[in-house]
Ligand code: PMP
């Protein structure tokens, strides 16, 4: 059978993620990988999970093992809504949808908003798996550049004039660049989106992972403040998505969307045919852990761990990388972004690096319309500080070798 003839046009547009393919090469145990976006497994709260699982099964096993509603387990939605009210968004339960990781939210948003050929506005570089999700729906991308303070908002207006379906922004410790959007720029974005009546999709998985500096208000918070006092549910222009992946575990695949009720309703209908519902058991476990206050303590452990790793990476890069390389100094999150000499192709460096048992992700796939050949993304949350020191030392040697060749 010639399967390519059988597949739908849509399936022919599906491309495996370049990054996932590359990472398959890095799975050998002797490779030190700064490639994936993995949390450090040392901070997974395994004991707390065991306790929560037993409790959920003991107290409510019949409900936990049953099908559930597509919108999500009601007490968890209520808890997420109450958290959002604490950060200043007037959210009711109808503004919350639970998803199978925030990756599912990105896919559902593509399903619901993108017609073939439609424009989607993004930062450049941006989160590659969002691009991958939306290409399937036929999206074309227009993008504004970023600098060390995130998206360059002055360039956004021209883009909005072309009327994209929405503007996709990662304001905190961006994946891949590690940068954070300034307060001033956030306010400008809210104003622009309002003026042009274009929705903002705020993708915010890293918000709690701040190691230094002041937390900035979310875009949805700023925008919500501009809503009429009388509205007691969220009815603005922002669709916000986040996840339990970085705080608890990516393996449980649990995320959420906050948005205006009509959007949440449409996303839920789209989700019905995808998976009926997110695992009720997992939602009940997360709800049990979330409501116990455990996350407030646990986030301190994660922050201390990742900050040490970030510092080790920055310190070793300063010692070992060629003097013409420049990189970001993220205030949080899991990634930093490095620009090497203009004429050097990071995917060539990747091939040499793999021979030397060290891996990273070349930056080009993060640019929606190409470019960035001399860039690379480095993850600092996964490896221990000792391994980071060893891996960055190897990578520094590789970069110098490539430069001299
Ligand atoms: N958005 C961004 C910016 C991410 O970095 C990630 C995880 N790498 C996701 C969404 C998806 O996360 P998850 O599906 O695990 O919630």
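The values are calculated or read from the model by the stated rules, or taken from the named source; none is laboratory data. Fair warning: this is a prediction, and the values are worked out from it, not measured in the lab. When we count neighbours, we look across all protein chains shown, and the Cβ atoms used for this are built from the backbone with ideal geometry, even at glycine.
List of remarks:
Residues are listed down the side, and each one gets a yes or a no for (1) touching a helix residue (DSSP H, G or I) at 6+ places or on another chain (Cβ under 8 Å); (2) crowded, with 24+ Cβ neighbours inside 10 Å; (3) touching a residue at least 40 places away in the same chain (Cβ under 8 Å):
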| residue | (1), (2), (3) |
| --- | --- |
| 245 | yes, no, yes |
| 250 | yes, no, yes |
| 257 | yes, yes, yes |
| 261 | yes, no, yes |
| 268 | no, no, yes |
| 271 | yes, yes, yes |
| 274 | yes, no, yes |
| 281 | yes, no, yes |
| 284 | yes, yes, yes |
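- Residue count for the range 251-266 satisfying the condition of being within 15 Å of the ligand (Cβ to nearest atom) and in contact with a strand residue (DSSP E or B) (Cβ under 8 Å, 6 or more places away or on another chain): 5.
- Residue check, residue 186 more than 16 Å from the ligand (Cβ to nearest atom), part of a helix (DSSP H, G or I), at pLDDT 95 or above and buried (at least 19 other Cβ atoms within 10 Å of the Cβ): yes
- Lone qualifier among 341, 397, 329 - being assigned to a loop (DSSP other than H, G, I, E, B) and more than 20 Å from the chain's Cα centre (by Cα): 341
- Test: residue 69 is more than 16 Å from the ligand (Cβ to nearest atom) and either assigned to a helix (DSSP H, G or I) or under 15 Å from the mean Cα position of the chain (by Cα) (or both): no
- Among the conditions (1) surrounded by 23 or more Cβ atoms within 10 Å (Cβ to Cβ); (2) part of a helix (DSSP H, G or I), residue 305 misses just one, which is (1).
- The range 1-35, residues that are within 15 Å of the ligand (Cβ to nearest atom) and modelled with pLDDT of 90 or more: 33, 34, 35
- Conditions (1) within 16 Å of the ligand (Cβ to nearest atom); (2) in contact with a strand residue (DSSP E or B) (Cβ under 8 Å, 6 or more places away or on another chain): number failed by residue 39: (2)
- Residue 4 closer than 22 Å to residue 138 by Cβ and exposed (fewer than 10 other Cβ atoms within 10 Å of the Cβ): yes
- Residue selected from the range 96-119 under the condition in a loop (DSSP other than H, G, I, E, B) and touching a helix residue (DSSP H, G or I) at 6+ places or on another chain (Cβ under 8 Å), by the criterion surrounded by the fewest Cβ atoms within 10 Å (Cβ to Cβ): 100
- Scope the range 212-239; condition free of Cβ contacts under 8 Å to residues at least 40 places away in the same chain and either touching a strand residue (DSSP E or B) at 6+ places or on another chain (Cβ under 8 Å) or within 14 Å of the ligand (Cβ to nearest atom) (or both); matching residues: 223
- Qualifying positions in the range 91-114 - free of Cβ contacts under 8 Å to residues at least 60 places away in the same chain, over 17 Å from the mean Cα position of the chain (by Cα) and either within 16 Å of the ligand (Cβ to nearest atom) or more than 24 Å from residue 365 (Cβ to Cβ) (or both): 93
- Inspection of the range 132-141 finds no residue satisfying the criterion of being under 30 Å from residue 232 (Cα atoms) and away from the ligand (no atom under 16 Å from the Cβ).
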